[in-house]
Amino acid sequence: MAKVKPLVFDYRGSLIPENGITPDQIQQLGAALDSARNEILKTDVELFASQTNIPEEKQPLDAGFFEMPERILDEYQSNRPESELGRILDTATRLRERVDKVVVLGIGGSYMGARALMETCCQPYFNELTRAERGGRPRMYFEGNNVDNDWSQGLLEFLKNHSQGDGPEGKWAIVVISKSGGTLETAAAFRQFLAALESEVGTENLPDYVVPVTGESGKLASLADEIGCQDRFLVPDGVGGRFSVLSAVGLLPAAILGIDIVALLEGAAAMNSQFRTQPLGSNPVLDYVAVNHLLEKEQGVVTRVLSVWSKSLESAGFWYDQLLAESLGKFERGALPLTCLNSRDLHSRAQQHQEGARDKVMNNVIVDHWRCDPLPIGSSERNQDQLNELSDKTLPDIMSAAIAGTNQAYLDDNRPTTNLHFPAADEASLGQFFQMMMLATVLEGRLLEINPYGQPGVEKYKVNMNRILREPVDK
Ligand code: PA5
């Protein structure tokens, strides 16, 4: 396994005299954190494997996400062609050779991870590049994550008008992802996009252009049988939607885009190893939970701002918003996640964060090394903007100054911050981040005695929506 450069979590900005927490409080929480960790490492994993005697308060117990990265990697090492990863890579290659655009249909946990992977790991204007510049990898579009008439039709129209010719440039495919197979937003979009695709490639060729990722059974699985889809992937039992990014749900779209999914999984496995072995103080999962949990409990800090300092990471922040909100927002409890992208949101939200209610922690996510060489401001004969004195400063210099200046302003006013350092916005860092946040969410759930799995509250709108849709319409 390649050596993974670790994420570094620095919480010194929360050890502040007022509105913060103390090293003693962290130490005192140590025993409870250890016991919650042991519960995940021993009880949850064992109970999950045995699938018997799972106590009612632990149900559902979707602990399958935890050891999934190692399992998928091991299987790939021992039997590449038949392993799941091998099949995912084969399908990605086949689609790449055949089509120039892929529409990924899915919502919630069946969508947000793939989007984060694309935005973090691909060239920012990937879809705008020529096929050669993309290395033959298809453009990717996301739908079925809403029921917005104009955006759905916009994409259908775009596909129709920009898919000409017999070669791959003239073709597009669908990857439809739904664990339950019955989510209305995704199902409606699948029906509409499938109809458009069928009219272009013909019924007999549909199986070559449709790849479902779904459960063993369900409406989408039956539909896939009916269409005759050969290439299909499972959302494993015991892996909840928002915990499924490192299964085929995230891996297939990522592989289609040419993202290094082995490095992604190795990053996640490295985070697992730290979680299993490292003590409080050098364990990013335990430390992150300790600081955020204590701030909430001792200081009423109920808003967790994930302040990302790279545009590439905004969607990873949205992925985390869903993870925290759906997992711990239960029984009238649970912190409010809020992703901010800086420096952009310094010009929209920072006023409130600096001087508003003292109910927030800024969890900064900072990229230490940018992909491209630093771009200097440059000197100019037109110096009306008076920037010549800063001509040697680069965009990373300005970003670093903005981060330091913002953290200093919070510190001066006793407002807590933490810094999570990504060595780079790449696969290994993102894999660590995904696994760190999934583990942290489950760990905090065990600490709060809230079952992090399941989302019973989401069912309520679905019941109402289905009833309303089926009500007779007064003419
Ligand atoms: O975390 C979850 O389980 C949910 O957010 C689901 O991912 C979301 O509701 C989509 O469900 P499905 O994949 O069954 O279509």
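The values are calculated or read from the model by the stated rules, or taken from the named source; none is laboratory data. For clarity, every value in this text was computed on a predicted model and none was experimentally measured. FYI the Cβ positions are ideal-geometry reconstructions off the backbone, even for glycines, and counts take in every protein chain you see. Just so you know, the surface numbers come from the protein's heavy atoms only, side chains and all, with ligands and any DNA or RNA stripped out. Shrake-Rupley method; radii C 1.70, N 1.55, O 1.52, S 1.80 Å.
A few comments on the model shown:
- By average C-beta atoms within 10 angstrom, highest first, the peptides 425-437, 220-232: 425-437, 220-232
- Structure note, pairs LYS330/LYS462; LYS101/LYS179; LYS297/LYS360; LYS360/LYS462; LYS58/LYS330; LYS297/LYS330: Cα-Cα distances above 20 angstrom occur for LYS101/LYS179; LYS360/LYS462.
- Bridge type composition, the chain - antiparallel percent by DSSP, nearest 5: 10
- Electrostatic tally near PRO416: other residues with Cβ closer than 14 Å to its Cβ, Lys and Arg +1, Asp and Glu -1, net -2.
- Applying a DSSP loop filter and a limit of 15 other Cβ atoms within 10 Å to the chymotrypsin sites (Phe, Trp or Tyr not before Pro) in segment 277-346 leaves PHE331.
- Applying Stokes-Einstein at 37 °C and 0.692 mPa s to the Kirkwood radius of the chain, computed over alpha-carbon pairs, gives a translational diffusion coefficient of 138 µm² s⁻¹.
- With K and R counted +1 and D and E -1, the other residues having a Cβ less than 14 Å from that of GLU57 yield a net charge of -1.
- Between ASP90 and GLU18, the FRET efficiency from the beta-carbon distance, with R0 = 51 Å, is close to 0.30.
- Counting only protein heavy atoms and a probe of 1.4 Å, the accessible surface of the chain is 50% carbon and sulfur.
- Residue-averaged 222 nm ellipticity for the chain, from DSSP H runs of 4+ at -39500 (n - 2.57), nearest 500: -14500 deg cm²/dmol
- The relative contact order of segment 65-262 comes to 30 percent, based on Cα pairs under 8 Å that sit 6 or more residues apart.
- Among residues other than ALA335 with Cβ under 14 Å from its Cβ, the summed charge is -2 (Lys and Arg +1, Asp and Glu -1).
- In the context of the full set of protein chains, segment 65-262 has a per residue accessible area of 43 Å² (1.4 Å probe).
- Most to least packed among 358-367, 453-462 [average Cβ atoms within 10 Å]: 358-367, 453-462
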